[in-house]
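Here the structure is laid out as structure tokens; the discussion comes afterwards.
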Amino acid sequence: MNNYILALNCGSSSLKFTLFMIVEHNKLEHNLSGIVEEIGNVEKSRLKFELNDEKTIRDMRLSNHRDALEAVFNVFEEFNIQKNDIKSIGHRVVHGGTKYNQSILIDQQVLNTIEELIPIAPLHNPPNLLGIKVAMEVMGDVPQVAIFDTAFHGTLPEYAFRYAIPEQWYKEFGVRTYGFHGTSHMYVSKRAASIIGKPYDTFNGITAHLGNGCSLAKIQNGKSVDTSMGFTPLEGVIMGTRSGDIDPAIISHVVNNLMVKEGIQHEEAFDIVMNALNKESGLKALGKTNMMQDIRKKAESGDVQAELVISIYAYRIAKYIGAYWATLDGCDTLIFTAGLGENEGYVRKKIASFLPNIGIEIDDEKNAIRKEEIQIGQSKSHGLKVMVIPTDEEIVIAYDAFYLGHLKKRLPDKYPFE
């Protein structure tokens, strides 16, 4: 009989899952993964899963997350995997605040803390918490572990995480840089150190997680010491639908104009602006789509406006890379990851072109390869390697659940994937 670890990522209307088999030498092997979509919308809800490169889609009437999780377990049973074969469950939780700088076995106190953090993570922590509670109901005493997006950035020094704002905002309202995508930044930086044969506690690098959400991190001696996302995931570089950095005065300017032009109240105008900055900005605003591949195809065919959109996007990213590179005492690697970072060689090369002082030379043949661990370029003058490393947040979630939940041990100093 095989034993398994389950990694869950619960959204407001979705449930992503990845099942890992426990194999020899305390290693985990990917087994089955998928997603339940449109939970609560019973006319459109469906379950997708992939096993042995074979994809299956099933339309199902799923009115809530409990129904969704039970549907997932029913799929497992089809492949002779029972609930009692699952020895621990790891949950992605977006916000751990300042309390958690690593994953933790979930108890009532942890649940309370995740709930207390809802005011500063209103879009993410509620569904994450719901997923945990549903899993606890369905699975009884099976250990549950929380893996926080913010945890890896818990090592940011105060000079990096503080804003120049009134002290009350910081001390009473918790306004500071938290950073996100931490699990991804940690995974790819550990893989990079392993690939180049350098001990992680001496590794310096810059990680660029570029997907629909984008963030960069500055890694010094194996620790995150700066990151582009801040108090919320809205800060930083341009993203799929998020604006990234803007002058804060723009908000009141547009709110006032909307109130006059549309004849609406301040609260409604403010909500419109914040929704636009999060969901109608970024590539979607500049290029009329948040799909970079569509913008890139237009640019390759000679579309001047599409080329400008890519340049705007790439330049903002290059500015962060340049700042991080200049403030590191040597930089081993620049790492691109996530959907856009792993697949869009045209954009990677454009980013490199905005960093002439680093002198990055891109190998066009290698840069055209998608979704593989590969070195695509280097700076001969500065010893910097440019790499693409596909991220695997789920394997980190699973290993943390395996060690903390199943083995009842502390997290490893070195993960099996390093």
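The values are calculated or read from the model by the stated rules, or taken from the named source; none is laboratory data. This structure is a prediction, so every number in the text was calculated from the model and none was measured. Virtual Cβ from ideal backbone geometry, glycine too; neighbours counted across all protein chains shown.
Does any residue in the range 261-282 that is closer than 27 Å to TYR313 by Cα come within less than 6 Å, Cβ to Cβ, of a residue that is modelled with pLDDT under 95 and among the β-branched types (Val, Ile, Thr) six or more places away or on a different chain, and which pairs are these?
Sorted first by the residue in the range 261-282, then by its partner, the pairs are LYS279/THR241; GLY282/THR241.
Please state which one of TYR320, TYR346, TYR324 is assigned by TED's automatic domain parsing to the domain that holds GLY230, modelled with pLDDT of 95 or more, of a type in the set (Ser, Thr, Tyr) and in contact with a Ser or Thr (Cβ under 7 Å, 6 or more places away or on another chain).
TYR320
Please determine whether any residue of the range 383-401 is outside any strand (DSSP E or B) and either more than 24 Å from the chain's Cα centre (by Cα) or free of Cβ contacts under 8 Å to residues at least 40 places away in the same chain (or both).
Among the residues of the range 383-401, at least one is outside any strand (DSSP E or B) and either more than 24 Å from the chain's Cα centre (by Cα) or free of Cβ contacts under 8 Å to residues at least 40 places away in the same chain (or both), which makes the answer yes.
Give the residues of the range 11-29 that are under 26 Å from PRO416 (Cα atoms) and either surrounded by 15 or more Cβ atoms within 10 Å (Cβ to Cβ) or without any contact (Cβ under 8 Å) to a residue 12 or more places away in the chain (or both), sorted by residue number.
If the condition is that a residue be under 26 Å from PRO416 (Cα atoms) and either surrounded by 15 or more Cβ atoms within 10 Å (Cβ to Cβ) or without any contact (Cβ under 8 Å) to a residue 12 or more places away in the chain (or both), then LYS16, PHE17, THR18, LEU19, PHE20, MET21, ILE22, VAL23, GLU24, LEU28, GLU29 are the ones that fit.
Does THR183 meet the test of being crowded, with 16+ Cβ neighbours inside 10 Å, among the polar types (S, T, N, Q), in contact (Cβ under 8 Å) with a residue 60 or more places away in the chain and assigned by TED's automatic domain parsing to the domain that holds SER281?
Criteria not met by THR183.
If I filter the range 343-352 for residues that are without any contact (Cβ under 8 Å) to a residue 60 or more places away in the chain and out of contact with any helix residue (DSSP H, G or I) (no Cβ under 9 Å at 6 or more places or on another chain), do I get at least one hit?
The answer is no, given that none of the residues of the range 343-352 is without any contact (Cβ under 8 Å) to a residue 60 or more places away in the chain and out of contact with any helix residue (DSSP H, G or I) (no Cβ under 9 Å at 6 or more places or on another chain).
Identify all residues within the range 225-240 that are among the polar types (S, T, N, Q) and either within 19 Å of TYR315 (Cα to Cα) or modelled with pLDDT of 95 or more (or both); write none if there are none.
THR227, SER228
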